[in-house]
Amino acid sequence: QPPKPLLGKRVLITAGPTHEPIDPVRYIANRSSGKQGYAIAAAAAAAGAEVVLISGPVELRAPAGVDLTRVESAREMLAAVQSALPADVAIFAAAVADWRVAAEGEQKLKKGAGGPPPLQLTENPDILATISKLTEGRPPLVVGFAAETENLIDNANAKLARKGCDWIVANDVSPATGVMGGDRNTVHLLMRHGEATDLESWPLMTKDEVATALVARIAQAMAV
Ligand code: C5P
(Lines give C-alpha, C1' and ligand atoms only; values in the text may rest on other atoms or scores of the structure.)
Protein backbone atom coordinates (compact mmCIF):
# COMPACT_ATOMS: atom_id res chain seq x y z
CA GLN A 1 0.00 0.00 0.00
CA PRO A 2 1.22 3.52 -0.73
CA PRO A 3 1.82 5.66 2.37
CA LYS A 4 -1.16 7.93 1.55
CA PRO A 5 -3.73 5.47 0.16
CA LEU A 6 -6.65 7.92 0.59
CA LEU A 7 -4.99 10.86 -1.14
CA GLY A 8 -7.59 12.78 -3.15
CA LYS A 9 -10.52 11.15 -1.33
CA ARG A 10 -13.01 13.12 0.73
CA VAL A 11 -14.14 11.33 3.89
CA LEU A 12 -17.04 12.49 6.04
CA ILE A 13 -17.28 11.22 9.62
CA THR A 14 -19.86 11.79 12.37
CA ALA A 15 -18.83 11.29 15.97
CA GLY A 16 -19.91 11.77 19.56
CA PRO A 17 -23.35 11.99 21.11
CA THR A 18 -26.07 14.47 20.30
CA HIS A 19 -27.72 16.72 22.86
CA GLU A 20 -31.44 17.22 22.48
CA PRO A 21 -32.72 20.30 24.28
CA ILE A 22 -35.51 20.09 26.84
CA ASP A 23 -35.35 23.80 27.62
CA PRO A 24 -32.53 26.39 27.44
CA VAL A 25 -30.59 24.73 30.27
CA ARG A 26 -31.38 21.02 30.03
CA TYR A 27 -30.89 18.29 27.47
CA ILE A 28 -31.26 14.58 26.78
CA ALA A 29 -28.07 12.84 25.74
CA ASN A 30 -26.45 9.42 25.54
CA ARG A 31 -23.12 7.95 26.52
CA SER A 32 -20.58 8.47 23.78
CA SER A 33 -17.06 9.76 24.27
CA GLY A 34 -16.47 10.32 20.55
CA LYS A 35 -13.12 8.52 20.84
CA GLN A 36 -13.71 5.96 18.10
CA GLY A 37 -15.00 8.52 15.58
CA TYR A 38 -12.17 10.96 16.32
CA ALA A 39 -9.63 8.15 15.96
CA ILE A 40 -11.08 7.27 12.54
CA ALA A 41 -10.87 10.93 11.49
CA ALA A 42 -7.21 11.05 12.55
CA ALA A 43 -6.42 7.80 10.74
CA ALA A 44 -8.16 8.93 7.55
CA ALA A 45 -6.25 12.24 7.62
CA ALA A 46 -3.00 10.34 8.16
CA ALA A 47 -3.88 8.25 5.10
CA GLY A 48 -4.04 11.42 3.03
CA ALA A 49 -7.82 11.95 2.91
CA GLU A 50 -9.55 15.31 3.08
CA VAL A 51 -11.52 14.73 6.30
CA VAL A 52 -14.70 16.45 7.43
CA LEU A 53 -15.57 15.55 11.02
CA ILE A 54 -19.05 16.47 12.26
CA SER A 55 -19.11 16.08 15.99
CA GLY A 56 -21.60 16.30 18.79
CA PRO A 57 -20.45 17.69 22.14
CA VAL A 58 -17.32 15.85 23.34
CA GLU A 59 -14.22 16.67 25.32
CA LEU A 60 -11.74 15.89 22.57
CA ARG A 61 -9.52 18.09 20.45
CA ALA A 62 -9.80 18.24 16.69
CA PRO A 63 -7.29 15.79 15.19
CA ALA A 64 -4.56 17.43 13.09
CA GLY A 65 -5.53 18.15 9.51
CA VAL A 66 -9.25 17.56 10.04
CA ASP A 67 -12.01 20.04 9.21
CA LEU A 68 -14.18 19.94 12.37
CA THR A 69 -17.78 21.16 12.61
CA ARG A 70 -19.35 21.04 16.05
CA VAL A 71 -23.08 20.50 16.41
CA GLU A 72 -25.45 19.81 19.30
CA SER A 73 -28.60 18.09 18.11
CA ALA A 74 -29.42 15.33 15.62
CA ARG A 75 -31.15 17.79 13.35
CA GLU A 76 -28.09 20.04 13.32
CA MET A 77 -25.90 17.00 12.64
CA LEU A 78 -28.04 15.98 9.65
CA ALA A 79 -27.93 19.52 8.24
CA ALA A 80 -24.13 19.65 8.66
CA VAL A 81 -23.74 16.26 6.95
CA GLN A 82 -25.94 17.33 4.05
CA SER A 83 -23.94 20.50 3.53
CA ALA A 84 -20.64 18.60 3.73
CA LEU A 85 -21.57 16.29 0.83
CA PRO A 86 -20.39 15.14 -1.66
CA ALA A 87 -17.97 12.64 -0.17
CA ASP A 88 -16.27 9.47 -1.39
CA VAL A 89 -16.78 7.74 1.95
CA ALA A 90 -19.16 8.53 4.81
CA ILE A 91 -18.64 6.93 8.22
CA PHE A 92 -21.41 7.38 10.78
CA ALA A 93 -19.84 6.76 14.16
CA ALA A 94 -22.00 9.21 16.11
CA ALA A 95 -24.34 7.94 18.81
CA VAL A 96 -27.31 9.99 17.69
CA ALA A 97 -30.20 10.35 20.13
CA ASP A 98 -33.19 8.47 18.79
CA TRP A 99 -35.68 10.95 20.25
CA ARG A 100 -35.92 14.62 20.99
CA VAL A 101 -38.43 16.57 23.05
CA ALA A 102 -41.39 17.40 20.83
CA ALA A 103 -41.97 20.91 22.17
CA GLU A 104 -38.70 22.36 23.46
CA GLY A 105 -39.37 24.87 26.27
CA GLU A 106 -38.46 28.43 25.36
CA GLN A 107 -37.91 29.22 29.05
CA LYS A 108 -36.46 27.09 31.81
CA LEU A 109 -39.13 24.69 33.06
CA LYS A 110 -39.99 25.46 36.66
CA LYS A 111 -40.54 23.12 39.55
CA GLY A 112 -44.09 23.52 40.73
CA ALA A 113 -46.99 22.12 42.60
CA GLY A 114 -48.13 20.36 39.42
CA GLY A 115 -45.31 17.82 39.73
CA PRO A 116 -42.73 16.97 37.06
CA PRO A 117 -43.52 18.11 33.52
CA PRO A 118 -44.51 15.38 31.08
CA LEU A 119 -41.93 15.13 28.32
CA GLN A 120 -43.41 14.25 24.97
CA LEU A 121 -40.75 12.71 22.72
CA THR A 122 -40.63 12.62 18.97
CA GLU A 123 -38.37 10.66 16.61
CA ASN A 124 -35.15 12.21 15.33
CA PRO A 125 -34.08 11.86 11.70
CA ASP A 126 -31.91 8.80 11.05
CA ILE A 127 -28.83 10.38 9.48
CA LEU A 128 -27.23 7.11 8.35
CA ALA A 129 -30.45 5.86 6.71
CA THR A 130 -31.17 9.24 5.12
CA ILE A 131 -27.74 9.41 3.47
CA SER A 132 -27.68 5.69 2.56
CA LYS A 133 -30.98 6.06 0.72
CA LEU A 134 -30.08 9.17 -1.27
CA THR A 135 -30.76 8.58 -4.94
CA GLU A 136 -28.51 11.46 -5.95
CA GLY A 137 -25.16 12.25 -4.37
CA ARG A 138 -24.96 9.12 -2.21
CA PRO A 139 -21.35 8.54 -1.13
CA PRO A 140 -20.10 5.38 -2.88
CA LEU A 141 -19.15 3.80 0.46
CA VAL A 142 -21.42 4.35 3.46
CA VAL A 143 -20.34 2.83 6.77
CA GLY A 144 -22.55 2.63 9.86
CA PHE A 145 -21.95 1.43 13.39
CA ALA A 146 -24.00 -0.99 15.42
CA ALA A 147 -23.44 -0.82 19.15
CA GLU A 148 -25.31 -3.71 20.69
CA THR A 149 -25.53 -5.40 24.05
CA GLU A 150 -26.89 -8.73 22.73
CA ASN A 151 -27.25 -10.77 19.51
CA LEU A 152 -24.52 -8.61 18.00
CA ILE A 153 -24.16 -10.13 14.54
CA ASP A 154 -27.88 -10.74 13.97
CA ASN A 155 -28.73 -7.21 14.99
CA ALA A 156 -25.93 -5.79 12.88
CA ASN A 157 -27.06 -7.77 9.83
CA ALA A 158 -30.61 -6.52 10.27
CA LYS A 159 -29.30 -2.97 10.63
CA LEU A 160 -27.27 -3.27 7.42
CA ALA A 161 -30.45 -4.13 5.52
CA ARG A 162 -32.69 -1.63 7.29
CA LYS A 163 -30.37 1.36 6.98
CA GLY A 164 -29.25 0.65 3.42
CA CYS A 165 -25.55 1.21 4.13
CA ASP A 166 -22.68 -0.81 2.65
CA TRP A 167 -20.73 -1.76 5.76
CA ILE A 168 -21.51 -2.01 9.43
CA VAL A 169 -18.90 -1.93 12.17
CA ALA A 170 -20.54 -3.92 14.95
CA ASN A 171 -19.34 -3.71 18.51
CA ASP A 172 -20.45 -5.17 21.81
CA VAL A 173 -21.05 -2.36 24.26
CA SER A 174 -22.27 -4.43 27.20
CA PRO A 175 -21.16 -2.68 30.40
CA ALA A 176 -18.72 -5.51 31.19
CA THR A 177 -16.71 -4.82 28.01
CA GLY A 178 -15.75 -1.27 29.10
CA VAL A 179 -16.06 -0.10 25.48
CA MET A 180 -18.22 2.91 26.35
CA GLY A 181 -15.79 5.66 27.29
CA GLY A 182 -12.87 3.21 27.26
CA ASP A 183 -9.88 3.00 24.95
CA ARG A 184 -10.38 -0.46 23.52
CA ASN A 185 -12.90 -2.07 21.24
CA THR A 186 -13.67 -5.48 19.76
CA VAL A 187 -15.37 -5.08 16.40
CA HIS A 188 -16.84 -7.17 13.63
CA LEU A 189 -16.98 -5.76 10.13
CA LEU A 190 -19.99 -6.69 7.99
CA MET A 191 -19.54 -5.86 4.31
CA ARG A 192 -22.42 -6.18 1.90
CA HIS A 193 -21.91 -6.94 -1.78
CA GLY A 194 -25.29 -7.28 -3.44
CA GLU A 195 -27.05 -10.17 -1.75
CA ALA A 196 -24.00 -11.48 0.09
CA THR A 197 -22.41 -10.20 3.28
CA ASP A 198 -18.83 -10.85 4.34
CA LEU A 199 -18.01 -10.93 8.02
CA GLU A 200 -14.58 -10.16 9.48
CA SER A 201 -14.11 -10.41 13.22
CA TRP A 202 -11.18 -8.48 14.60
CA PRO A 203 -9.41 -9.14 17.88
CA LEU A 204 -9.53 -6.75 20.84
CA MET A 205 -7.67 -3.62 19.80
CA THR A 206 -7.28 -0.05 20.95
CA LYS A 207 -9.69 2.40 19.33
CA ASP A 208 -6.71 3.88 17.47
CA GLU A 209 -5.83 0.45 16.10
CA VAL A 210 -9.45 -0.17 15.08
CA ALA A 211 -9.41 3.20 13.29
CA THR A 212 -6.18 2.42 11.43
CA ALA A 213 -7.44 -1.03 10.44
CA LEU A 214 -10.78 0.34 9.25
CA VAL A 215 -9.11 3.04 7.17
CA ALA A 216 -6.75 0.44 5.66
CA ARG A 217 -9.75 -1.76 4.82
CA ILE A 218 -11.52 1.20 3.20
CA ALA A 219 -8.43 2.10 1.17
CA GLN A 220 -8.18 -1.52 0.02
CA ALA A 221 -11.84 -1.60 -1.00
CA MET A 222 -11.52 1.66 -2.91
CA ALA A 223 -8.40 0.55 -4.75
CA VAL A 224 -10.19 -2.31 -6.52
O1 C5P B 1 -30.25 2.36 14.91
P2 C5P B 1 -28.95 2.58 15.61
O3 C5P B 1 -28.91 3.87 16.37
O4 C5P B 1 -28.48 1.43 16.41
O5 C5P B 1 -27.92 2.71 14.40
C6 C5P B 1 -26.59 3.03 14.63
C7 C5P B 1 -26.00 3.64 13.38
O8 C5P B 1 -26.90 4.59 12.81
C9 C5P B 1 -24.76 4.42 13.68
O10 C5P B 1 -23.93 4.39 12.54
C11 C5P B 1 -25.29 5.82 13.95
O12 C5P B 1 -24.31 6.82 13.73
C13 C5P B 1 -26.40 5.91 12.93
N14 C5P B 1 -27.54 6.75 13.33
C15 C5P B 1 -27.76 7.97 12.69
N16 C5P B 1 -28.85 8.72 13.02
C17 C5P B 1 -29.71 8.31 13.97
C18 C5P B 1 -29.50 7.08 14.63
C19 C5P B 1 -28.39 6.33 14.29
O20 C5P B 1 -26.96 8.34 11.83
N21 C5P B 1 -30.76 9.08 14.28
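The values are calculated or read from the model by the stated rules, or taken from the named source; none is laboratory data. Just so it is clear, the structure is predicted and the values come from calculations on it, not from any experiment. Reconstructed Cβ throughout: ideal geometry from the backbone, glycine too, with neighbour counts over all protein chains shown. Ligands, DNA and RNA are stripped out before the accessible areas are found, and what is left, the full protein with its side chains, is counted by its heavy atoms. Shrake-Rupley method; radii C 1.70, N 1.55, O 1.52, S 1.80 Å.
Sort the chain into rounded, prolate or oblate with this rule: let a ≥ b ≥ c be the square roots of the eigenvalues of the Cα gyration tensor; rounded if a/c is under 1.5, and if a/c is not under 1.5, prolate when a/b is larger than b/c, oblate otherwise.
Prolate, because a/c is 1.5 or more and a/b exceeds b/c.
Sorted by mean Cβ packing within 10 Å, highest first, what order do the peptides 105-114, 190-199, 49-58, 151-160 take?
Ranking the peptides 105-114, 190-199, 49-58, 151-160 by packing returns 49-58, 151-160, 190-199, 105-114.
How about the stretch 20-85: which trypsin sites (Lys or Arg not before Pro) there are in a DSSP loop, with at most 15 other Cβ atoms within 10 Å of their Cβ?
31, 61
Taking Rh as the Kirkwood radius computed over C-alpha pairs, what is the Stokes-Einstein D of the stretch 1-109 at 10 °C in a medium of viscosity 1.306 mPa s, expressed in µm² per second?
For the chosen part, D equals 110 µm²/s.
Using the Karplus equation 6.51 cos²θ - 1.76 cosθ + 1.60 (θ = phi - 60°), what ³J(HN,Hα) coupling, rounded to whole Hz, does each residue of the stretch 134-149 give in order, writing x for Gly and Pro?
Using θ = phi - 60°, the values come out as 4, 8, 10, x, 6, x, x, 10, 10, 10, x, 10, 10, 9, 10, 10 Hz.
For residue 87, what charge total do you get from the other residues with a beta carbon under 14 Å from its beta carbon, if Lys and Arg give +1 and Asp and Glu give -1?
-2
Could you tell me what percent of the accessible area of the stretch 39-179 is made up of carbon and sulfur, with a 1.4 Å probe and every protein chain present?
Carbon and sulfur: 50 percent of the exposed surface of the stretch 39-179.
Hydropathy first: keep DSSP H helices in the chain averaging at least 1.0 on Kyte-Doolittle, then drop any whose Cα extent along the axis falls short of 27 Å, and list what survives.
Qualifying helices: none.
If you average the alpha carbon positions of the stretch 132-153 and of the stretch 3-45, how far apart do those two centres end up, in angstrom?
So the separation of the two Cα centres works out to 15 Å.
What is the local net charge at residue 223, summed over the other residues whose Cβ is closer than 15 Å to its Cβ (Lys, Arg +1; Asp, Glu -1)?
So the environment of residue 223 carries a net charge of +2.
Taking the Cβ of residue 97 as the centre, find all other residues whose Cβ is under 12 Å away and add up their charges (Lys, Arg: +1; Asp, Glu: -1).
Computed value for this residue: -3.
Expressed as a whole number of Å, what is the distance separating the alpha-carbon centroids of the stretch 177-197 and the stretch 76-118?
The two parts, judged by their Cα centres, are 25 Å apart.
Enter the accessible area per residue of the stretch 65-194 (Å², integer; probe 1.4 Å; all protein chains in place).
55
Can you classify the stretch 102-165 as rounded, prolate or oblate using the Cα gyration tensor, where a ≥ b ≥ c are the square roots of its eigenvalues, rounded means a/c under 1.5, and otherwise it's prolate if a/b beats b/c and oblate if not?
oblate
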